Amino acid sequence: MATSSPCVVIGDDEKGYDLDLFCIPKHYVDDLEKVYIPHGLIMDRTERLARDIMKSMGEHHIVALCVLKGGYKFFADLLDYIKALNRNSDKSIPMTVDFIRLKSYCNDESTGEIKVIGGDDLSTLTGKNVLIVEDIIDTGKTMKTLLSLLKQYNPKMVKVVSLLVKRTPRSVGYRPDFVGFEVPDKFVVGYALDYNEYFRDLNHICVISETGKQKYKA
Ligand code: IMP
């Protein structure tokens with residue numbers, strides 16, 4: 001895998017943290033194995049990503065494109081940090097937002113078929129500097145499909161930020177411009193990442209347990 005975008009690397013031997021060291025909603029305690037990335041660490045890394053993005057893209061108006069649903073928490077927090085930079089520095093740039101909804105997973109497996117099931121008319125992105133905000137790159141197929149779809153609308157520039165990138169042999173070799181964390185090949189949930197729509201209401205990024213997989217199986 002290319003290492004062009006620096007990130008926090010979480011090793012394969014990372015054991016995570018016991019659930020009872022953090023606050024977990026009671027309805028999920030049996031469904032999770034470990035806390036993998038605590039919410040505070042996600043926020044601290046996101047603050048720095050905001051700075052790196054502004055440094056690299058902060059010359060012109062940016063359209064921030066949120067990939068729903070998994071990207072909504074990261075999108076909201078990242079934009080809050082970018083807004084803070086805009087408020088507190090001599091240089092500031094306008095930012096507008098847009099949303100697209102894609103779906104490719106059932107249970108913890110990619111269906112291999114990527115559906116655009118919502119969002120605005122993408123022609124609004126023509127000639128714009130677009131920042132795609134995604135939750136996780138697994139095989140990279142979803143992002144490759146989205147990028148080729150966007151290309152048809154001739155944006156001026158497209159950059160991608162993903163909170164997580166998985167180290168997986170199934171990767172098609174795609175690497176985003178900005179990455180929060182590189183994680184082992186495990187199914188993770190929380191901070192808006194879901195398993196069949198569950199666990200979006202969890203602050204930390206956690207590893208799902210076998211009980212959880214069975215309980216919320218589609
Ligand atoms: P890709 O096309 O294989 O890169 O899959 C990307 C999409 O699959 C992400 O946007 C997520 O919606 C979903 N996904 C992949 N891995 C995970 C995971 O570990 N937890 C939750 N969703 C995942």
Fill in the blank from the handout: Note to self, the chain gives a 222 nm [θ] from helices alone (DSSP H runs n ≥ 4, -39500 (n - 2.57) apiece, / all residues, nearest 500) of -7500 deg cm²/dmol
Practice task
Pull up the cross-link candidates among the aspartates and glutamates for LYS55, meaning alpha carbon to alpha carbon under 14 Å and not fewer than 8 places away within one chain.
Solution key: GLU47, ASP90, ASP177
Completion exercise
If one builds a Gaussian network model of the chain from Cα atoms under 10 Å apart, the most fluctuating residue listed among GLU59, GLU134, GLU197 is GLU59
Exercise for the section: Please say if region 130-212 is rounded, prolate or oblate, where rounded means a/c under 1.5 for a ≥ b ≥ c the square roots of the C-alpha gyration tensor eigenvalues, and otherwise the choice is prolate for a/b larger than b/c and oblate otherwise? Expected result: prolate
Fill in the blank from the handout: Those trypsin sites (Lys or Arg not before Pro) from region 128-184 that are DSSP loop and have at most 16 other Cβ neighbours within 10 Å turn out to be LYS156, ARG167, ARG170
Completion exercise
As a percent rounded to 5, the proportion of antiparallel DSSP bridges among beta bridges in region 8-215 is 35
Practice task
Measure up LYS69/LYS215; LYS73/LYS151; LYS15/LYS115; LYS128/LYS217; LYS34/LYS91; LYS34/LYS128 against 30 Å on the Cα-Cα distance and list the ones that go over.
Solution key: LYS15/LYS115; LYS128/LYS217; LYS34/LYS91; LYS34/LYS128
Handout entry: Computed over the chain: relative contact order in percent, which uses C-alpha pairs under 8 Å that are six or more apart
Key = 28
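Here, each number is a calculation from the coordinates, and none is a lab measurement. Small disclaimer: the values here were computed from a predicted structure and weren't measured. FYI the Cβ positions are ideal-geometry reconstructions off the backbone, even for glycines, and counts take in every protein chain you see.
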